[in-house]
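Here is the structure we will look at.
The values are calculated or read from the model by the stated rules, or taken from the named source; none is laboratory data. Predicted, not measured: the structure shown is a model, and the values here were computed from it. Note that we place each Cβ from the backbone using ideal geometry, even for glycine, and neighbour counts take in every protein chain shown.
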Amino acid sequence: MPSIRRLKQRRSVSQTVQYALFAFVALLIAWSANWKVLASQFVRLDVAAQLFPGLLTIALKNTVIYTLSGFLLGLVLGLVIALMRLSRVLPYRWIAGIYIEFFRGLPALLIFMFVGVGIPLAFPGTELPGGTYGKVALGLGLVSAAYMAETIRAGIQAVPKGQMEAARSLGFSHGRAMLSIILPQAFRIIIPPLTNELVLLFKDSSLVLFLGVTLEERELTKFGRDLASQTANTTPIFVAGLCYLVVTIPLGYVVRRLEARANASQGRS
Amino acid sequence: MSAVEIRGVNKSFGALHVLKGIDLSIDSGEVVCVIGPSGSGKSTLLRCVNLLEEPESGQIFVHGVEITHPDVDIDAQRRKIGMVFQQFNLFPHLTVTENLTLPQRRVLGRAPPEASRVAAENLERVGLAQKANAYPAQLSGGQQQRVAIARALAMNPELMLFDEPTSALDPELVGDVLAVMRMLARDGMTMMVVTHEMSFAREVADRVVFMDGGVIVEQGPGAQVIGNPTHERTRAFLSRVLDPAAVSL
């Protein structure tokens with residue numbers, strides 16, 4: 001018994017030392033930082049006031065539009081690629097595999113540059129529908145499709161094999177069974193990772209910066225940067241950052257709730 | 001014409017030769033129980049009859065149509081062959097009624113009111129009309145299996161295949177499922193049943209088929225194959241699955 005008490009004592013001593021160390025480092029950083037300059041550069045309320053209403057009516061609105069259009073295109077394309085990856089036809093599997101490796105292996109920024117520069121060069125005279133919006137949807141969609149294809153494939157494979165067998169034995173064709181029996185179950189399974197992908201896209205929509213957008217097409221990051229140089233103050237960037245967090249933190253919370261619910265229902269059945 | 005005609009069927013999984021030239025025919029309205037040790041190939045044989053497993057050689061005819069022919073529309077043939085699985089395989093995202101109506105509508109093209117009526121009739125038949133709006137996860141294993149039987153029956157099959165329908169059930173739930181299967185047999189359904197329920201096989205089956213090592217060792221009336229087997233392998237198997245008290249019944 002005394003040995004256990006000594007162990008506990010030793011643990012509490014080492015914890016105290018850790019806390020003291022953390023507190024010391026935090027205080028050192030806080031003390032050595034120049035708070036006055038920081039505050040005048042990042043949290044100037046008069047500068048923040050100049051951001052409205054454009055911050056909401058242009059920047060946040062465009063960020064949401066870019067994210068959702070990229071997500072929808074990525075979802076449709078990702079579903080097609082996932083089904084190709086699971087196909088019995090070997091060339092389909094190859095194409096899907098190459099697509100996934102290619103677009104997951106490249107920085108999203110490069111793909112955006114390719115969409116912005118490469119496509120007009122490759123197909124002279126053609127305009128993507130929706131102008132900048134079309135380009136952004138394509139750029140974000142191409143990247144997210146690769147990640148979503150793998151998520152969707154995992155979801156389809158998580159549906160027990162007996163479900164397909166039961167559907168086939170009732171006379172469903174493979175495609176019909178996939179559509180009305182397997183995919184509805186697969187999507188229920190992958191709602192949390194898909195929501196996560198939505199959060200990632202929300203942040204990646206800042207890559208629009210590199211496409212060259214008009215004033216009305218700016219999203220949060222570009223908007224913040226532009227106003228920072230106009231006002232010669234970095235408060236707009238700080239506020240734009242807050243805007244991202246206002247969306248991503250609640251979405252992250254939703255993902256954790258959905259995951260917890262999925263785990264609970266799995267445990268029940 | 002036989003309901004099922006199996007001729008010289010061979011099937012391997014990799015190096016494992018599971019079915020070694022099986023011949024078997026089942027008449028319309030006949031109830032055939034297939035028994036045998038695990039790994040004997042009995043489930044594989046059953047799954048060949050609706051082509052969930054494709055034989056490497058041999059032919060299978062169901063109601064005169066060769067389902068092993070490369071040009072056959074297998075989806076059209078499977079509509080007439082009901083299948084009940086060991087693990088029930090109900091669709092968990094659909095209610096009991098939707099489990100019965102969705103296949104009717106999507107596969108047979110029945111109008112929703114007719115599909116609902118047929119679903120209600122068949123749930124009544126298996127004694128689960130009161131569970132129409134429940135989800136599969138809310139039912140006991142025995143209830144789920146009876147819903148699975150009703151789902152197959154709602155397609156008006158001419159032949160029913162049962163793949164160890166009671167093996168995943170708690171012992172006290174087996175009786176209800178067997179009662180539904182008895183009722184089907186009495187109503188004249190053609191049935192091929194892979195089972196470990198010896199008393200059911202003996203009592204309900206018109207014919208019992210004993211398989212071991214990928215071949216049919218012996219077959220005949222239940223009283224003969226189970227009550228008085230002629231082959232040593234059959235006797236050895238039965239002595240393992242039946243306790244002495246059950247044999248004397």
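Can you list the helices (runs of 4 or more DSSP H) lying wholly within segment B:156-231 that have 2 or more residues being free of Cβ contacts under 8 Å to residues at least 12 places away in the same chain? Spell out the reasoning first.
On the way: elements: B:171-186, B:198-204, B:222-225.
Output list reads B:171-186.
Take A:P124 and decide whether it is within 14 Å of another protein chain (Cβ to nearest Cβ), without any contact (Cβ under 8 Å) to a residue 60 or more places away in the chain and surrounded by fewer than 19 Cβ atoms within 10 Å (Cβ to Cβ). So A:P124 fails the test.
Would you mention how many residues in segment B:101-118 are among the basic types (K, R) and facing chain A (nearest Cβ under 7 Å)? Don't jump to the end; show me each part of the working.
Filtering segment B:101-118 for residues among the basic types (K, R) gives B:105-106, B:110, B:117.
Adding the requirement that they be facing chain A (nearest Cβ under 7 Å) leaves B:106.
So the count comes out to 1.
Exactly one residue out of B:S38, B:S25 is at pLDDT 95 or above and either in a loop (DSSP other than H, G, I, E, B) or more than 14 Å from chain A (Cβ to nearest Cβ) (or both), and it is B:S25. For segment A:1-16, the count of residues that are over 28 Å from A:V239 (Cα atoms) and in a loop (DSSP other than H, G, I, E, B) is at least one.
Just the residues that are buried (at least 22 other Cβ atoms within 10 Å of the Cβ) and more than 13 Å from B:G214 (Cβ to Cβ), please, taken from segment B:15-48. Residues satisfying the conditions are B:I26, B:V31, B:V32, B:C33, B:I35.
A single entry from B:P70, B:P55 fulfils the requirement of being part of a loop (DSSP other than H, G, I, E, B), more than 20 Å from B:V215 (Cα to Cα) and not hydroxyl-bearing (S, T, Y): B:P70. Among residues of segment A:147-168 that are without any contact (Cβ under 8 Å) to a residue 60 or more places away in the chain and within 14 Å of chain B (Cβ to nearest Cβ), those with a beta-carbon under 8 Å from a residue that is basic (K, R) and in a helix (DSSP H, G or I) at least six positions away or on a different chain give the pairs A:A167/A:R176; A:R168/B:R78.
Conditions tested, residue by residue: (1) more than 8 Å from chain A (Cβ to nearest Cβ); (2) of a type in the set (A, V, I, L, M, F, W, C).
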position: B:V65; (1), (2): yes, yes
position: B:T68; (1), (2): yes, no
position: B:D73; (1), (2): yes, no
position: B:R78; (1), (2): no, no
position: B:N99; (1), (2): yes, no
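On inspection, B:A137 qualifies as of a type in the set (A, V, I, L, M, F, W, C), surrounded by fewer than 17 Cβ atoms within 10 Å (Cβ to Cβ) and closer than 18 Å to B:L173 by Cα. Candidates A:L201, A:L207: the one that is touching a residue at least 40 places away in the same chain (Cβ under 8 Å), buried (at least 16 other Cβ atoms within 10 Å of the Cβ) and either within 30 Å of B:N156 (Cβ to Cβ) or touching a Gly at 6+ places or on another chain (Cβ under 6 Å) (or both) is A:L201.
Only residues that are surrounded by fewer than 19 Cβ atoms within 10 Å (Cβ to Cβ) and farther than 22 Å from A:L179 by Cα were counted across segment A:64-90, and they come to 3.
Suppose the filter is within 12 Å of chain A (Cβ to nearest Cβ), assigned to a helix (DSSP H, G or I) and either among the hydrophobic types (A, V, I, L, M, F, W, C) or touching a residue at least 24 places away in the same chain (Cβ under 8 Å) (or both); does B:Q86 pass it?
Details: within 12 Å of chain A (Cβ to nearest Cβ): yes; assigned to a helix (DSSP H, G or I): no; either among the hydrophobic types (A, V, I, L, M, F, W, C) or touching a residue at least 24 places away in the same chain (Cβ under 8 Å) (or both): yes.
Answer is no for this residue.
Restricting attention to segment B:30-82, the residues being over 24 Å from B:L108 (Cβ atoms), of a type in the set (S, T, N, Q) and touching a residue at least 60 places away in the same chain (Cβ under 8 Å) number 2. Kindly indicate whether A:A240 is out of contact with any Leu (no Cβ under 7 Å at 6 or more places or on another chain) and part of a helix (DSSP H, G or I). No.
Could you tell me which of the residues A:N196, A:N233 is surrounded by 13 or more Cβ atoms within 10 Å (Cβ to Cβ), in a loop (DSSP other than H, G, I, E, B) and of a type outside the set (D, E, K, R)? It would help to see each step written out before you state the result.
Details: A:N196 fails: in a loop (DSSP other than H, G, I, E, B).
Result of the check over A:N196, A:N233: A:N233.
Summed over segment B:1-22, residues that are touching a helix residue (DSSP H, G or I) at 6+ places or on another chain (Cβ under 8 Å) and outside any strand (DSSP E or B) total 0.
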